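Novice: Okay, here's the structure, questions in a sec.
The values are calculated or read from the model by the stated rules, or taken from the named source; none is laboratory data. What you see is a predicted model, and the numbers here were worked out from it, not measured in a lab. So basically every Cβ, Gly included, is an ideal-geometry build from the backbone, and we count neighbours across all protein chains shown. Please note that ligands, DNA and RNA were not included when accessible areas were found on the heavy atoms of the full protein model with its side chains. Shrake-Rupley method; radii C 1.70, N 1.55, O 1.52, S 1.80 Å.
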Amino acid sequence: MPDPNRLIFHLLPNAHLDPVWLWDWREGLNEGLTTVRSVLNLMDEFPELTFMRGESVIYEHIQKTDLATFKRIRQRIEEGRWDVVGGTVIQPDTNLASTEVLCRQYERGLKYFKENLGVRPTVAWLADSFGHTAGLPNIFSAFGIEGFTFTRPQQKQFPLDSPAFWWEGDWKNRILCYRQHWMWYCSERDNVVEILDETLCGAAKQNLACVGVLFGLGNHGGGPSRRHLQDVEQWRRQHPKVEVRFSTLHGFFAELTKEIASKPELAIPTVRGEFGYCLRGCYSSVQKFKSLYRNGESQVAGAEVTRSIIGAATETPTPNLAEAWDALLFNAFHDILPGSSIERAIEDQTAWMGLARHRSTQAKFVALNQLAVRVDTTVPPARKPDVATDVPVVVWNPLPRPFGGLVEVEVQIDWRPIWKFKDRPQEMPVVVFDHAENPAPFQIVHTEHGSMTNVPWRRRVVVPVEIPALGWTTLRIGWRDEPEAAPVKPVCDAQCDGGTTRISNDEWSVEAIGNKLGIRRNGENFFSSGRDLDIHVVEDPWGSWGGMDEEIINFDEIREVWSLEQSEILEHGPLRVKLWTRWVGRKSWLDLTFVLAAGSPELKVEGRMLWNERSARVKLVLPCRGELEYDVPGGKVPRNEAGQVPGGRWVVRSEAGKTVGFVSDVLSDFDATPEELRVTLARASRYANDVETAPGDKVWQPAVDCGELKFQFCLFGENAEPDHVADSLLFAPSFVVAPVGEGDWSRQGSLGGVTPSSVRLLSLEELAPGKLQVRVQNRSRRTSPAILNLGESRLRLGELGPEQIMTVIVEKHRNIWRNSAALEIDESILIPGMPFSSRSSCSQAQLGDV
């Protein structure tokens, strides 16, 4: 134990600010300015005072609205009294945001700090975020973050033997972390002495002389006060043998690192895995916003890959997505995405997320049209006068590996309704041709409208296609007077017999018999114990955060079990079948539409729920047993039955070679028992509420998420790769109805790819003409190379450890793409070729695994 008289207290004045919580973003940002002015004035009065401030969005607001104050901040930085910490745009929730969003937090924040303040933080600061994903060390290491300070979860939720410890990542990378002795990052006006006393008591039992002490008014800003400084001085005089110094977070970590290095006997502990859990209600609170956000993540990321690689290949500008990323980064804040803000603020943030989705749609639309102009989309001349020609369609695969499966396309088949087939629209012959001008098998499905159904005008089809990685293929769709299409071999089946409705393909079958639903895979029950999925409504009287002190971590008290009351076959094959089911409770109902497609290893389910409950949550119950593994931001993590836990894109449960896999586009709240995996679909709490509230209490207060909610999920077995199933759901091929043109590119081709398939493409961004930034992550459990294909250039980005993230900038020199980052290029695998923008196609052989 260290001599208490030799302790060094590093005082770390701060002013935690929630830019959105019990107030809106306008009030929050202006409070940031007010707090900073107050602190600067106090620093003028007290020359010893230091201060730490993170979150680039606060600095940006000050820079735009009060340049004089911004210059004062720079002066204090130069003096070493103002510490820029954290490195993020905002203090995000790290359990619910995607890996790429968390990477962008550091990429954008660090870039801003370096360019505008001349500093680059190396210590992360997430004072109030509600627990931390196991993948965070992988993200920290990717951006040069060496230290991390946090206060949640607290000691009673996540016991630690030492305030300082190493947090180890998946590839033996590690981050020095510190959670102070006092439980909170803020202080009240009158408790600084209590904080110092408790810190002294805790530090005396530890073996470290360097001790960090956070203090300052916070949550709505504030910072250190004159009383705080007077109380510190008084405590200092009363403890003359304890060195009390005003410090910076970087200064403290430098001293702590030095002490640990100089005293090998200290042997501070190493922690691996996640720092959870706390405030578990946030994993599904305000699900309607989470759904909007998670769909926005996928749309923006997919649009950026699309617009960047097409823009680089065609050498034409595409819309910038900076506004969309601004929306994603700000709305990842730990009181917005977790759903713990007031209703008015949530409505503001919902509108902002709408902008992100619109900008991404715009960018992708422009890019796909730029691609379509270059592709050969010629069609045969009209077969007779005054008849429309066939409609060309360009289908795009945004994934860095080939796609094989069904695509769904709807086109205007003629300028006006085809009156020849009035009152018999189903008899109008439709033809579909693939990129090689061969007749393609297809299935006609319902259009999105219910207008003029007695006369054909628009047609919607599903077609099996093969699309190269980051590539395109073409289709041609038209109508004829007489049938021309070749017969399609049935690969999916739908049957309705009395009270039984059933759909199936080679692997799956789904059967509704009365009020029972059966799901079988390869002839056996998919779920364990002969049971099938259920829908349970359980009591949940807790507020936005759930139990503030972990009073409850499991929600098992069943209010009602919904019953299957209706089923209908919506599509009968031969390539795709759909079975619609309706599950009904006393006040709410849920539609689950099961979709089976030719050659697909997963069972897709489309959900639409009308939710009208109070103080409750609704769960999808999947009977299964075995070990659990969850996708989480930055990595993967095994878990046991630990109550409500946050999840990323997928969760897998396996026992004795049998796997139940679950992937969703928007759902993120899970719990498990030895016999079940349960997925929360929605909660009915109150906005920004932290007390138990019974269903009949304060009935004038709106229940969160009342109304319609939509989601999708897929079920899969042991033969499917979870990441690939998730990517297929989140980044499905898209299409554009193209103008007819004699482009100089072939009807099918590729612009690039990433191999091997275990390496995930997190982002691909065009920084400038001929300059791309690529971020990849190795999702395998062993070291793997990362190979990037761009046109005819093939670049070895480097070797990646398990779950390691790498960001590389590549530039085009003399028509060859080269790695311009510090990583060495393996010249032997650079394949010279024609200029990127002038070739007509890319050989699929260049996209194989390494």
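Novice: Rounded to the nearest 20 Debye, what is the dipole magnitude of the range 150-222 about its Cα centre when Lys and Arg each give +1 and Asp and Glu each give -1 at the C-beta? Display every interim value, and only then the final one.
Specialist: Numbers: 7 positive and 8 negative charges, 50 e Å.
The calculated dipole for the range 150-222 is roughly 240 debye.
Novice: With point charges of +1 on the Cβ of Lys and Arg and -1 on the Cβ of Asp and Glu, referenced to the Cα centre of the chain, which listed residue (Phe140, His334, Ser567) lies farthest in the positive direction of the dipole?
Specialist: Value: Phe140.
Novice: In the range 654-755, what percent of the accessible surface is made up of carbon and sulfur (1.4 Å probe, ligands and nucleic acids excluded)?
Specialist: Numbers: 1880 of 3650 Å².
So the carbon and sulfur contribution to the accessible surface is 51 percent.
Novice: Okay, next question. Can you tell me how the range 362-512 classifies by the Cα gyration tensor, rounded, prolate or oblate, using a/c under 1.5 as the rounded cut?
Specialist: Numbers: a/c = 1.82, a/b = 1.11, b/c = 1.64.
Taking the square roots of the gyration eigenvalues as a ≥ b ≥ c, the range 362-512 is oblate.
Novice: If you split all Cα-Cα distances of the range 160-236 into 5 Å bins from zero, what percentages do you get per bin, shortest first?
Specialist: Values per bin, smallest distances first: 3, 14, 22, 20, 16, 13, 7, 4, 2, 0.
Novice: Kindly state, to the nearest 0.05, the FRET efficiency for Arg531 paired with Glu708, given R0 = 41 Å and r defined as their beta-carbon distance.
Specialist: On the way: r = 29 Å, r/R0 = 0.70.
Efficiency at R0 = 41 Å is approximately 0.90.
Novice: Note down the magnitude of the dipole of the chain about its Cα centre, charges +1 on Lys and Arg C-beta and -1 on Asp and Glu C-beta and zero elsewhere, to the nearest 20 debye. Working shown, then result.
Specialist: On the way: 94 positive and 113 negative charges, 247 e Å.
The dipole magnitude comes to about 1180 debye.
Novice: Over what distance in Å are the Cα centres of the range 188-240 and the range 405-425 separated?
Specialist: 73
Novice: Sticking with this one: Find the relative contact order for the range 151-250 and round it to a whole percent, using C-alpha pairs within less than 8 Å whose residues are 6+ positions apart. Mind dumping the intermediate values first?
Specialist: On the way: 91 pairs, mean separation 21.6, N = 100.
Over the range 151-250, the number comes to 22 percent.
Novice: Let me ask something else. Average projected area of the Cα convex hull of the range 635-695, in nm²?
Specialist: Values: hull surface 23.8 nm².
So the mean shadow area of the Cα hull is 6.0 nm².
Novice: So how long is each side of the range 650-751 along the principal axes, counting just the alpha-carbon atoms, biggest first, in Å?
Specialist: 67, 45, 18
Novice: Just tell me which lysines come within less than 16 Å, Cα to Cα, of Lys587; anything on the same chain fewer than 8 places away is out.
Specialist: Lys619
Novice: Counting heavy atoms of the protein chains only and a 1.4 Å probe, report the per residue accessible area for the range 544-683 as a whole number of Å².
Specialist: Numbers: 4420 Å² over 140 residues.
Accessible surface, normalised per residue, equals 32 Å².
Novice: Now for a different question. Using θ = phi - 60° and the Karplus form 6.51 cos²θ - 1.76 cosθ + 1.60, what ³J(HN,Hα) does each residue of the range 394-405 get, whole Hz, x for Gly and Pro?
Specialist: Karplus values, whole Hz, x for Gly and Pro: 9, 10, 10, 9, x, 8, x, 9, x, 10, x, x.
Novice: Can you grab the distance from the C-alpha centre of the range 547-583 to the C-alpha centre of the range 43-77, Å, no decimals?
Specialist: 52
Novice: Extending each Cα 7 Å along its Cβ direction at Gln238 and Glu168, get the distance between those two points in nm, one decimal.
Specialist: Each label point lies 7 Å from its Cα, and together they span 4.3 nm.
Novice: Here is a follow-up. For the range 5-48, run through the GluC sites (Glu not before Pro) and keep only the ones in DSSP coil with at most 13 other Cβ atoms within 10 Å of their Cβ. Please list the in-between numbers first.
Specialist: Details: sites: Glu27, Glu31, Glu45, Glu48; in loops: Glu48.
Sparse-neighbourhood loop GluC sites (Glu not before Pro): Glu48.
Novice: Another question about this same structure. So which trypsin sites (Lys or Arg not before Pro) in the range 313-403 pass both tests, a DSSP loop state and at most 14 other Cβ atoms within 10 Å of the Cβ?
Specialist: Details: sites: Arg344, Arg357, Arg359, Lys364, Arg374, Arg383; in loops: Arg383.
Taking the range 313-403 and a limit of 14 other Cβ atoms within 10 Å, the loop trypsin sites (Lys or Arg not before Pro) found are Arg383.
Novice: Cross-link candidates for Lys241: which lysines have Cα within less than 28 Å, leaving aside residues fewer than 8 places away along the same chain?
Specialist: Answer for Lys241, where 28 Å is the Cα cut-off: Lys205, Lys258, Lys263, listed by chain and number.
Novice: In Å, what is the Rg of the alpha-carbon atoms in the range 514-650, and how long is Dmax?
Specialist: Considering the range 514-650 through its Cα atoms, Rg and Dmax are 17.1, 54 Å.
Novice: For the chain, what is the largest minus smallest coordinate of the Cα atoms on each principal axis, given in angstrom and ordered from greatest to least?
Specialist: Cα spread of the chain along its principal axes, largest to smallest: 99, 68, 50 Å.
Novice: Related question: Name the residue farthest towards the positive end of the dipole of the range 684-789 from the options Val699, Pro722, Pro785, assuming +1 on Cβ of Lys and Arg, -1 on Cβ of Asp and Glu, about the Cα centre.
Specialist: Final value for the positive-end residue is Pro785.
Novice: With the crude spin-label approximation of a point 7 Å out along Cα→Cβ, what separation in nm comes out for Glu524 versus Asp190?
Specialist: Between Glu524 and Asp190, the label points sit 6.8 nm apart.
Novice: Distance check, please: which entries in Lys156/Lys290; Lys114/Lys364; Lys364/Lys636; Lys172/Lys290; Lys604/Lys710; Lys288/Lys516 exceed 21 angstrom between their Cα atoms? If you can, show how the numbers build up before the last one.
Specialist: Numbers: Lys156/Lys290 28 Å; Lys114/Lys364 31 Å; Lys364/Lys636 30 Å; Lys172/Lys290 33 Å; Lys604/Lys710 14 Å; Lys288/Lys516 29 Å.
Check vs 21 Å cut-off fails for Lys156/Lys290; Lys114/Lys364; Lys364/Lys636; Lys172/Lys290; Lys288/Lys516.
Novice: Take Thr270 and Asn719, extend 7 Å from each Cα along the Cα→Cβ direction, and tell me the distance between the two endpoints in nm.
Specialist: 4.0
Novice: Using the heavy atoms of the protein chains and a 1.4 angstrom probe, tell me the accessible area per residue for the range 221-288 in square angstrom. Mind showing how you got there, number by number?
Specialist: On the way: 3010 Å² over 68 residues.
Here the per-residue accessible area is 44 Å².
Novice: Taking the highest mean first, how do the peptides 196-205, 52-61 order by number of other beta carbon atoms within 10 angstrom per residue?
Specialist: Ranking the peptides 196-205, 52-61 by packing returns 52-61, 196-205.
Novice: Take the Cα radius of gyration of the range 607-669 and divide it by 2.2 N^0.38 Å, with N its residue count; two decimals is plenty.
Specialist: On the way: Rg = 13.3 Å, N = 63, 2.2 N^0.38 = 10.6 Å.
With N residues counted in the range 607-669, Rg over 2.2 N^0.38 Å equals 1.25.
Novice: Can you tell me what percent of all Cα-Cα pairs in the range 598-712 are more than 23 Å apart? Each step should come with its number before you reach the end.
Specialist: Numbers: 2582 of 6555 pairs.
Value for the range 598-712 (Cα pairs over 23 Å): 39 percent.
Novice: Still on this structure, please answer the following. Work out how much length Glu79 to Met183 would gain on full extension: take 0.36 nm times their residue separation and subtract the Cα-Cα distance, in nm to one decimal.
Specialist: The span from Glu79 to Met183 would gain 34.4 nm if fully extended.
Novice: Classify the range 1-108 as rounded, prolate or oblate, taking a ≥ b ≥ c as the square roots of the eigenvalues of its Cα gyration tensor: rounded when a/c is under 1.5, otherwise prolate if a/b is larger than b/c and oblate if not.
Specialist: Numbers: a/c = 1.94, a/b = 1.20, b/c = 1.62.
The shape class here is oblate.
Novice: Now for a different question. Any idea what diffusion coefficient the range 411-488 gets from Stokes-Einstein, in µm²/s, Kirkwood Rh on alpha carbon pairs, 25 °C, 0.890 mPa s? Provide the component values of the computation, followed by the final result.
Specialist: Numbers: Rh = 13.5 Å.
D, rounded to a whole number, is 181 µm²/s.
Novice: A further question on this structure: Any chance you could tell me what percent of the C-alpha pair distances in the range 89-162 go past 19 Å? Each step should come with its number before you reach the end.
Specialist: Details: 935 of 2701 pairs.
In whole percent, the share of Cα-Cα pairs in the range 89-162 beyond 19 Å is 35.
Novice: Quick check on the chain: helices-only [θ] at 222 nm, where DSSP H runs of length 4 and up contribute -39,500 (n - 2.57) each and the sum goes over total residues. Nearest 500, please. Please report the intermediate quantities before stating the final value.
Specialist: Details: 12 runs with 188 residues, N = 850.
For the chain, the value works out to -7500 deg cm²/dmol.
Novice: Of all DSSP beta bridges in the chain, what percent run antiparallel (nearest 5)?
Specialist: Numbers: 166 of 192 bridges.
Rounded to the nearest five, the antiparallel share is 85 percent.
Novice: In Å and whole numbers, how far do the C-alpha atoms of the range 436-551 stretch along each principal axis, longest first?
Specialist: Rounded to whole Å, the extents work out to 68, 38, 38 Å.
Novice: Okay, next question. Residues of the range 41-150: accessible area per residue at 1.4 Å, in Å²? Before the final figure, lay out each step's value.
Specialist: On the way: 3220 Å² over 110 residues.
Counting only protein heavy atoms, the per-residue value for the range 41-150 is 29 Å².
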